[in-house]
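Beneath this line is the structure, given in C-alpha cells, with notes to follow.
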Amino acid sequence: AHERAHQKFHHGIIRQFFWAGILIAIAVFLGSVGILFQLGIVELLLLFHLLFAASRILFHFVCFSQEYEADTFAAKCVSKKVVLRAMNTLIAEEFPRSPLFAYVYRTHPTAVMRKKHLTKRQTPKSF
C-alpha cells in the first residue's frame, strides 16, 4: 500500500521535476554570479558544492513529506495495526541514526520518525 501511494500521488515525477528545477536554478545563479563577479572555475565549483548541499537538504524535506504521505495512505488502506507492526520490524532491522543524519544524508526518514509521525497523525485530538 505504501508503494502504491507513491505511484498514486506521482511522487517519483514530483521528485524529478523538483531536482531539475533546483539544478536549473543553481546553474542560472552560478552563471549570473560568475559573469557578474568574474569568478573562476574553482570558485564556481566551491559555490556549486555549497548550493548543492543546501538544496539536497531541502530536497530531503520534500522526500520526507512524501514518505509520511505514503505511510498515512497505507494506514488508511490497511489496518493501522499492520502498518505499525511493519514499522516495528523496520525499527528492529534499521541501523539507528539521528534525525539530523537522516535530514542531511537520506531521502527517507528513519523508521522511528515515520512511526512517530504516523501515530501522531492517526491519534484524534482532544480538547
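Rolling a 1.4 Å probe across all protein chains gives VAL28 an accessible area of roughly 90 Å².
Once the C-beta distance of PHE37 and ILE14 is scaled by a Förster radius of 30 Å, the resulting FRET efficiency is 0.30 to the nearest 0.05.
Pair-distance distribution of the chain: all C-alpha pairs, bin width 10 Å, starting at 0; shares per bin in whole percent are 12, 32, 28, 16, 9, 3.
Counting only protein heavy atoms and using a 1.4 Å probe, the accessible area of ARG106 comes to about 50 Å². Protein heavy-atom accessible surface, 1.4 Å probe, per residue over the chain: 69 Å². Model label sites at LYS120 and LEU84, defined 7 Å from Cα along the beta-carbon direction, differ in position by 1.7 nm.
Dividing the mean sequence gap of close Cα pairs (under 8 Å, 6+ apart) by how many residues region 22-117 holds gives a relative contact order of 29 percent.
Computed over the chain, the per-residue total of -39500 (n - 2.57) for DSSP H runs of n ≥ 4 gives a 222 nm mean residue ellipticity of -27500 deg cm²/dmol, rounded to 500. Within the accessible surface of the chain, defined with a 1.4 Å probe on protein heavy atoms only, the carbon and sulfur portion equals 69 percent. Coupling constants for region 100-105 follow from the phi torsions by the Karplus curve (6.51 cos²θ - 1.76 cosθ + 1.60, θ = phi - 60°), and in residue order they are 4, 4, 5, 5, 7, 10 Hz; glycine and proline get x. Pairs of lysine residues in the chain that meet both criteria, 8 or more places apart or on different chains and Cα atoms under 18 Å apart, total 14. Scoring 93-99, 62-68, 5-11 by mean Cβ neighbours within 10 Å over their residues and listing the highest first yields 62-68, 5-11, 93-99.
The values are calculated or read from the model by the stated rules, or taken from the named source; none is laboratory data. All of these numbers come straight from a predicted model, not from anything done at the bench. Counting neighbours? That spans all protein chains shown, and the Cβs are built from the backbone with ideal geometry, glycine included. The area values use the complete protein model at the heavy-atom level, side chains included, leaving out ligands, DNA and RNA. Shrake-Rupley method; radii C 1.70, N 1.55, O 1.52, S 1.80 Å.
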